[in-house]
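These notes concern the structure reproduced below.
The values are calculated or read from the model by the stated rules, or taken from the named source; none is laboratory data. As the structure is a computational prediction, the values presented were derived from the model and not from experiment. For neighbour counting, all protein chains shown are included, and Cβ atoms are generated from backbone atoms with ideal geometry for every residue, glycine included. Just the protein is used for accessible areas: all its heavy atoms, side chains included, with ligands, DNA and RNA removed. Shrake-Rupley method; radii C 1.70, N 1.55, O 1.52, S 1.80 Å.
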Amino acid sequence: VTALVTPAPNQARVETDVLVVGAGPAGLYAAYYAGFRGLSVSVVDSLSEPGGQLTALYPEKLIYDVAGFPAIRGRELVEALVRQAAPFRPQYLLGEQARHMQRLADRITVTTEAGTCISCRAVVVTAGIGTFTPRPLPAGEEFLGRGLVYFVRDLKDFAGRDVLVVGGGDSAFDWALALEPIARSVTLVHRRAAFRAHQHTVNQVLASSVQVLTDRQVQRVSGSASVERAEVVHRPSGTVEAYDVQAVIAALGFTADLGPLTGWGLVIRDRHVVVDTRMGTGVPGVFAAGDITDYPGKVRLISVGFGEAAIALNNAATFIDPRADLFPGHSTETPAVA
Ligand SMILES: Cc1cc2nc3c(=O)[nH]c(=O)nc-3n(C[C@H](O)[C@H](O)[C@H](O)COP(=O)(O)OP(=O)(O)OC[C@H]3O[C@@H](n4cnc5c(N)ncnc54)[C@H](O)[C@@H]3O)c2cc1C
């Protein structure tokens, strides 16, 4: 899937028809839909991976209520969405938070924290519950990308390695369980004695070969080129234990914050953006879809976000070109270009 996520060229200015803010399921489907409508599209997300909540919070969980899929893993749904959009070559700006928005004549300019300036004709805000920022490890941040990760991109990357998973929530336990048959060893470290993960998963991990260490915290990560060792302190006694590991997965959760979006002139009610039946926000050219939207009867689900993304994009297409039909035609008659 990484091969299909075409990064935007490393340039300070990007020109596109539609900018999608947020690469969760609604944003990825909006990217497909922009392409289907013949519009060029860029997708910006503060996370380094596409998939929003699915990637950050439950990549290994099965989802049962996506139309057409009796059961699909979060990770697999994200892969399928990226593949569906890929023929239209969306440009991805990952690891960049969208900060400022400005309307100038018939164009909208959005600037990211990295200084990239995206000039577009319409914006679709699919920012979910806001920017996800991984909670950092208390020590060892300098090894990020050199053995320390926040996401498991591909389980195979950990084949034959000694892995330390840090955290006591669902992600930590899901990853420990998924890696157990692949890695040489898996050790899970949690700073408390109680876990937040589902009891069923906790039981599965406890019954597996995963070594579970509680009341402990990583206090140092060391190595030359990449992670070789982690020092863990047993908090009640202060005893320090050293583990030879080649990978550390920090699964300490994420903070989410609407942050800069609150300054875009959108009507925000209880941390959500109020939209009309066109998914319009009231700011000309700015539409929204997915968990972030609010209207009477709103239901926050992936399937609802998909429908809203289609509504938002078709209305964005008529905003960009008022002569365009709102109805896109049937995809059966206009398949994606290869
Ligand atoms: C544990 C769990 C289980 C769930 N199970 C189900 C289920 O079974 N079925 C179901 O339908 N739903 C389920 N959900 C809910 C589902 O995940 C959400 O409805 C869905 O992810 C919303 O998609 P979205 O694209 O609107 O937003 P998100 O998935 O939240 O993605 C938004 C993205 O926008 C990015 N972003 C925000 N602000 C900015 C900014 N300023 N600049 C750049 N990027 C930004 C964020 O980093 C994030 O990646 C579950 C949720 C959780 C937590």
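Key figures for this structure:
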{"read-out": "Length added when fully stretched, Glu15-Gln102, from 0.36 nm per residue minus Cα-Cα", "value": "29.9 nm"}
{"read-out": "Histogram of C-alpha separations across segment 233-298, 10 Å bin width, %", "value": "16, 32, 14, 11, 16, 11, 0"}
{"read-out": "Helix 302-320 vs. the chain, principal-axis angle (Cα, 0 to 90°, nearest 10)", "value": "40"}
{"read-out": "Average silhouette area of segment 186-338, convex hull of alpha-carbon atoms, in square nanometres", "value": "16.6"}
{"read-out": "Lys, Arg +1 and Asp, Glu -1 on Cβ, resulting dipole of segment 79-187 about Cα centre, debye, nearest 20", "value": "460"}
{"read-out": "Vicinal HN-Hα couplings computed from phi for segment 267-276 (Karplus, 6.51 cos²θ - 1.76 cosθ + 1.60; Hz; Gly/Pro x)", "value": "7, 10, 10, 6, 6, 10, 9, 6, 10, 9"}
{"read-out": "Most to least packed among 287-293, 218-224, 38-44 [average Cβ atoms within 10 Å]", "value": "287-293, 38-44, 218-224"}
{"read-out": "Whole-Å distance, taken between Cα centres, linking segment 220-267 and segment 27-46", "value": "32"}
{"read-out": "Fraction of accessible area attributable to carbon and sulfur, the chain (%, probe 1.4 Å)", "value": "52"}
{"read-out": "Net charge of neighbours whose Cβ lies under 15 Å from the Cβ of Val14, counting Lys and Arg as +1 and Asp and Glu as -1", "value": "0"}
{"read-out": "Peptides ranked, highest mean first, by Cβ atoms within 10 Å: ranges 111-124, 233-246", "value": "111-124, 233-246"}
{"read-out": "Segment 230-235 - phi-based ³J(HN,Hα) in whole Hz, Karplus 6.51/-1.76/1.60, Gly and Pro as x", "value": "10, 9, 10, 9, 7, 5"}
{"read-out": "Inter-centroid distance (Cα atoms) of segment 77-133 relative to segment 188-209, Å", "value": "37"}
{"read-out": "Two-decimal log10 I(q)/I(0) for segment 1-143, as the Debye equation yields it once each C-alpha is a single scatterer, q = 0.13 Å⁻¹", "value": "-0.56"}
{"read-out": "Estimated FRET transfer efficiency (Arg278, Arg153; beta-carbon r; R0 41 Å; 0.05)", "value": "0.65"}
{"read-out": "Total charge dipole magnitude, segment 270-322, about the Cα centre, Cβ charges on Lys, Arg, Asp, Glu only, Debye to nearest 20", "value": "80"}
{"read-out": "Segment 219-291, relative contact order [Cα under 8 Å, separation at least 6], %", "value": "15"}
{"read-out": "Range of Cα positions in the chain per principal axis (Å), largest first", "value": "70, 42, 40"}
{"read-out": "Pairwise label distance in nanometres, Thr334 with Ser237, each label 7 Å out on the Cα-Cβ vector", "value": "6.9"}
{"read-out": "For the chain, size of Cβ-based charge dipole, Lys and Arg +1, Asp and Glu -1, in debye", "value": "260"}
{"read-out": "Local electrostatic count, Asn315, Cβ distance below 15 Å [Lys/Arg +1, Asp/Glu -1]", "value": "-1"}
{"read-out": "For segment 177-242: Kirkwood Rh in Å [reciprocal of mean 1/r, alpha carbons]", "value": "13.1"}
{"read-out": "Loop-resident sites, segment 1-83, for chymotrypsin sites (Phe, Trp or Tyr not before Pro), counting at most 13 other Cβ within 10 Å (DSSP)", "value": "Tyr64"}
{"read-out": "Nearest 10 degrees, 0 to 90: helix 170-179 Cα axis against the chain principal axis", "value": "70"}
{"read-out": "Residue (of Ala193, Phe158, Thr131) at the positive-pole extreme of segment 127-198, dipole from beta-carbon charges", "value": "Ala193"}
{"read-out": "Gyration tensor (Cα) of segment 105-245, equivalent ellipsoid semi-axes in angstrom", "value": "35, 18, 16"}
{"read-out": "Angle in degrees between helix 25-36 and the longest Cα principal axis of the chain, rounded to the nearest 10", "value": "40"}
{"read-out": "Per residue accessible area in Å² of the chain, where ligands, DNA and RNA are left out and the probe is 1.4 Å", "value": "45"}
{"read-out": "Percentage relative contact order, segment 256-338, counting C-alpha pairs under 8 Å, at least six apart", "value": "20"}
